[in-house]
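I have placed the structure first, in the form of structure tokens, so that the comments after it can refer back to it.
The values are calculated or read from the model by the stated rules, or taken from the named source; none is laboratory data. Bear in mind that the values here come from a model prediction, so they are computed numbers and not experimental data. As a convention, Cβ positions derive from the backbone with ideal geometry for all residues, glycine included, and neighbour counts pool all protein chains shown. We work out accessible area using only protein heavy atoms, side chains counted, and drop any ligands, DNA or RNA first. Shrake-Rupley method; radii C 1.70, N 1.55, O 1.52, S 1.80 Å.
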Amino acid sequence: MQKIIILDFGSQTTQLIGRRVRELDTFCEILPYNKFPHDDPSVIGVILSGSPFSVYDDSAFHPDLTGIIGRYPVLGICYGAQLMVQYGGGRVEPAGLREYGRANLAWMETDNTLFSKFTNDSQVWMSHGDTIVELPKSFRKIASTASVEYAAYQVEGQRIWGVQFHPEVFHTVQGTQLLRNFVVDVCGSRQDWSSASFVEQTTRELKKQIGNDRVILGLSGGVDSSVAAVLLNRAIGRQLTCIFVDHGMLRKNEFRDVMHDYECLGLNVIGVDASRKFFADLAGVSDPEQKRKIIGRDFVEVFNEQAMKIEDARWLAQGTIYPDRIESLNITGKTIKSHHNVGGLPADMHLQLCEPLRWLFKDEVRRVGRQLGMPEHLITRHPFPGPGLAVRILGDITPAKVKILQEADDIYIRALRDYKVKLKGDEARRVLAAGVPADMHDGEIAVSLYDQIWQAGAILLSTVRSVGVMGDERTYEHPVALRAVTSTDAMTADWAQLPYDFMARVSNDIINKVKGVNRVCYDISSKPPATIEWE
Ligand code: XMP
């Protein structure tokens with residue numbers, strides 16, 4: 001299959017470049033800057049990403065571009081563009097002031113392939129501290145902005161371009177067109193990477209890989225494991241056994257509802273209600289780390305007990321997705337995120353790992369889920385932590401506290417689903433580009449608050465009590481904190497700015513309907529320095 005290689009120099013937007021290329025129905029891989037696959041015949045083009053470094057820093061990444069330049073079409077973005085200038089003998093210097101934000105591009109060559117089909121809207125997004133001050137002899141300036149003379153260049157007679165701005169960022173209005181021009185027109189992508197082709201191809205591969213073996217998969221109710229299960233079910237049917245463990249700290253009715261969904265999807269699922277064991281082992285424990293350890297240990301025990309009953313199981317399937325595996329670089333060049341571990345399964349089961357979604361980004365997983373006919377509410381579910389509500393109850397865990405939190409959380413999540421916001425222009429385009437299903441009417445889309453945010457949930461502050469008054473009664477009960485964040489990968493997150501009328505309604509509903517709660521607060525901390533979960 002044809003592929004574009006994106007060499008990662010550590011920019012925060014490298015993954016975004018990957019997503020944009022995939023949106024052009026073209027397969028791509030993001031690799032560390034020095035790991036170019038010189039022997040891979042399916043490479044059709046190369047993109048060099050941005051970086052937090054300056055090209056003239058001693059510790060900056062300076063891979064040998066021989067074997068890339070002149071052999072493949074190349075697009076350098078920001079640092080990538082500066083690197084090629086330096087490599088070709090030009091000069092890059094500090095820009096005086098770091099330029100960050102919108103700028104307007106003036107094209108010197110409107111007929112340049114890179115700018116093909118451009119309209120007059122010239123807004124681009126800049127984020128750089130250095131600037132190119134002299135191009136090598138064979139490089140030609142093709143665009144400028146008011147403060148950046150060499151905002152884009154092409155190498156004479158070669159399929160090599162550099163842009164100082166970020167075409168992958170949504171604010172570069174014609175960024176997608178620019179990437180299309182490079183990926184499709186220059187590199188010759190056939191654009192045959194789509195959720196339909198992914199499903200067809202992966203089904204074929206899974207059949208071949210697994211043959212007549214049996215496969216075990218742990219379901220969590222989340223999007224990734226559910227899509228992986230449905231895909232495997234399509235490929236190997238009853239050879240797949242899924243295990244869904246209820247530890248008692250799922251959301252209100254979640255075990256019942258998700259089991260029902262799975263059964264409707266034709267999955268072979270064993271649902272295990274192990275809540276008594278978990279509650280018994282957690283009794284009296286309030287230290288967050290200890291709670292997590294107990295839940296992790298119990299989970300493995302319960303899962304293994306079921307897995308061991310499945311004779312001849314040869315494979316353990318997981319819903320690992322691409323961002324779980326990408327080796328992002330931090331500025332010291334160390335890996336900051338690596339492939340998560342399987343953890344805990346008995347070695348004597350000798351299971352091999354099967355990860356059918358390992359090449360997909362989150363939005364692609366959702367598209368594949370739609371392609372497979374899964375219900376929308378399962379596909380758009382927010383991430384939910386493995387230990388469940390246990391990390392959203394401060395202090396020790398009891399079934400009664402879980403019940404209180406389930407009720408408050410249910411009111412909050414339902415309200416987020418019901419509250420629709422109208423969006424238009426840039427905001428609407430961003431939401432649609434992220435794959436959120438919404439119908440457009442008169443240039444506007446209506447999207448629920450739930451679909452606009454990354455993750456939301458309620459937290460029971462059961463170690464805190466405050467005084468309130470209800471009717472003529474004095475109350476002395478617990479507060480509930482509400483959390484909602486926007487994010488793209490959960491590595492960083494911002495608190496979501498929810499409308500006041502929405503918050504007023506939810507607060508009223510929770511205090512009136514949930515016995516044991518007399519106060520509602522909203523968490524306005526971002527990550528970092530806070531985390532998404534409270535424990
Ligand atoms: P934090 O709280 O670290 O959360 O900002 C980042 C993302 O990870 C989820 N999370 C977990 N997921 N097991 C999981 O499967 C866990 O122990 C766990 N802790 C946090 C969290 O919900 C958020 O999406």
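The table below gives the values:
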quantity	calculated
Leading residue by the ranking (surrounded by the fewest Cβ atoms within 10 Å (Cβ to Cβ)) among those in the stretch 42-75 that are assigned to a strand (DSSP E or B) and aliphatic (A, V, I, L, M)	I69
Breaking point among (1) at pLDDT below 95; (2) under 22 Å from D396 (Cβ atoms), for G516	(1)
Extreme residue, modelled with the lowest pLDDT, among residues of the stretch 32-67 that are of a type outside the set (S, T, N, Q) and touching a Phe, Trp or Tyr at 6+ places or on another chain (Cβ under 6 Å)	A60
Identity of the residue in the stretch 385-416, touching a Leu at 6+ places or on another chain (Cβ under 8 Å) and open to solvent by 30 Å² or more (accessible area, probe 1.4 Å), that ends up nearest to L449 (Cα to Cα)	Q406
Residues being open to solvent by 30 Å² or more (accessible area, probe 1.4 Å) and within 18 Å of I459 (Cα to Cα) - total across the stretch 479-489	1
Cross-chain or 6+ apart pairs with Cβ under 7 Å, the stretch 384-404 first and among the polar types (S, T, N, Q), then open to solvent by 30 Å² or more (accessible area, probe 1.4 Å) and within 9 Å of the ligand (Cβ to nearest atom)	none
Per-region count, the stretch 490-502, residues at pLDDT below 95 and either open to solvent by less than 50 Å² (accessible area, probe 1.4 Å) or part of a loop (DSSP other than H, G, I, E, B) (or both)	4
Selection from the stretch 429-456 of residues that are open to solvent by less than 60 Å² (accessible area, probe 1.4 Å) and of a type in the set (D, E)	E444, D451
Subset of the stretch 457-478 that is among the small types (G, A, S) and crowded, with 20+ Cβ neighbours inside 10 Å - its residue that is farthest from the chain's Cα centre (by Cα)	S462
Filtered residues of the stretch 170-188 (kept if touching a helix residue (DSSP H, G or I) at 6+ places or on another chain (Cβ under 7 Å), open to solvent by 10 Å² or more (accessible area, probe 1.4 Å) and among the polar types (S, T, N, Q))	T176
Condition check for Y100: in a strand (DSSP E or B) and open to solvent by 60 Å² or more (accessible area, probe 1.4 Å)	yes
Matching residues in the stretch 228-247 - criterion: being buried (at least 21 other Cβ atoms within 10 Å of the Cβ) and within 16 Å of the ligand (Cβ to nearest atom)	A228, F244, V245, H247
Wholly enclosed helices (runs of 4 or more DSSP H) of the stretch 346-451 bearing at least 1 residues touching a helix residue (DSSP H, G or I) at 6+ places or on another chain (Cβ under 7 Å) and within 16 Å of the ligand (Cβ to nearest atom)	362-371, 399-418
Residue within the stretch 466-479 that is in contact with a Ser or Thr (Cβ under 8 Å, 6 or more places away or on another chain), at pLDDT 95 or above and within 16 Å of the ligand (Cβ to nearest atom) present	no
Residues of the stretch 503-532 classified as more than 16 Å from the ligand (Cβ to nearest atom) and either aliphatic (A, V, I, L, M) or open to solvent by 40 Å² or more (accessible area, probe 1.4 Å) (or both), total	17
Lone unmet requirement of (1) more than 13 Å from the ligand (Cβ to nearest atom); (2) closer than 17 Å to W315 by Cα; (3) not in a strand (DSSP E or B) for F278	(2)
